[in-house]
Amino acid sequence: MNKKIKLSLVTTFFLFSLSSLAASFFDLKGTSIEGKPVNFNDYKGKTILVVNIASQCGYTPQLTDLENLYQKFKAKNFVLIGFPTNDFGGQTPENDTQMKDFCSRKYNVTFPLMKKAEVLGAKRQDVYRFFSELKDKKLNGDVKWNFEKFLINKEGSVVERFGSSVKPLDQELTKVIESNLK
């Protein structure tokens, strides 16, 4: 086999398997809304709820209950992480600074926020690529709308996925969080 073909095959294999390298959420990295690197391995041992958020969506008032949920469980090794995105109808036109200000000023958000980025398509951030490629057919697939919720256990595995219409303080969600905090 000539070197050019061999190199091409190696490159193709590397690119194909790059997104599959993450065995758990804790293998991933991101960027905070302030532009600082975030290693999700730092959250090992915590139960995590990841939510893609928006500022001008019908579900945006969920930010209040998301903050209440965070406050309710944070002392029990619970973290909630918001991932702003503009992927659904341009409902997050703000830049990162404006989005952080909006969330804290209007909804008193104190939970960690990540840099605004895509959750769909070829340019989607690694976390959402990981979610879309989960082996469990009940959990994987593309995000359908703003405020979808992914619950990650202390080992870094996604254990549940909730649609946008599931409110943060619904018993359906809080029961699963509580059972994963034990």
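The values are calculated or read from the model by the stated rules, or taken from the named source; none is laboratory data. None of the values given here were measured: they were computed from a predicted structure. Neighbour counts run over all protein chains shown; Cβ positions are idealised from the backbone, glycine included.
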Worksheet item: Going by the structure shown, is LYS116 touching a strand residue (DSSP E or B) at 6+ places or on another chain (Cβ under 9 Å), among the basic types (Lys, Arg), surrounded by fewer than 19 Cβ atoms within 10 Å (Cβ to Cβ) and modelled with pLDDT of 95 or more?
Response: no
Practice prompt. Would you point out which residue out of LYS74, LYS182, LYS167 is farther than 15 Å from THR47 by Cα, among the basic types (Lys, Arg) and over 15 Å from the mean Cα position of the chain (by Cα)?
Written response: LYS167
Fill in: Residues that are over 16 Å from the mean Cα position of the chain (by Cα) and of a type in the set (D, E, K, R), drawn from the stretch 82-95
GLU94
Fill in: In the stretch 125-160, residue farthest from ASP27 (Cα to Cα) [restricted to those that are of a type in the set (Lys, Arg) and under 11 Å from the mean Cα position of the chain (by Cα)]
LYS149
Worksheet entry | Which numbered condition ASN68 misses (of (1) touching a residue at least 40 places away in the same chain (Cβ under 8 Å); (2) closer than 14 Å to GLU118 by Cα; (3) surrounded by fewer than 19 Cβ atoms within 10 Å (Cβ to Cβ); (4) of a type outside the set (A, V, I, L, M, F, W, C)) | (2)
Worksheet item: Scanning the stretch 27-62 for residues that are assigned to a strand (DSSP E or B) and not hydrophobic (A, V, I, L, M, F, W, C), which turns out farthest from ASP101 (Cα to Cα)?
Response: THR47
Discussion item. So, in the stretch 102-156, how many residues would count as being closer than 24 Å to GLU67 by Cβ and aliphatic (A, V, I, L, M)?
Written reply: 9
Response to the item:
By residue number, the members of the stretch 128-154 that are over 13 Å from THR85 (Cα atoms) and among the β-branched types (Val, Ile, Thr) are ILE152
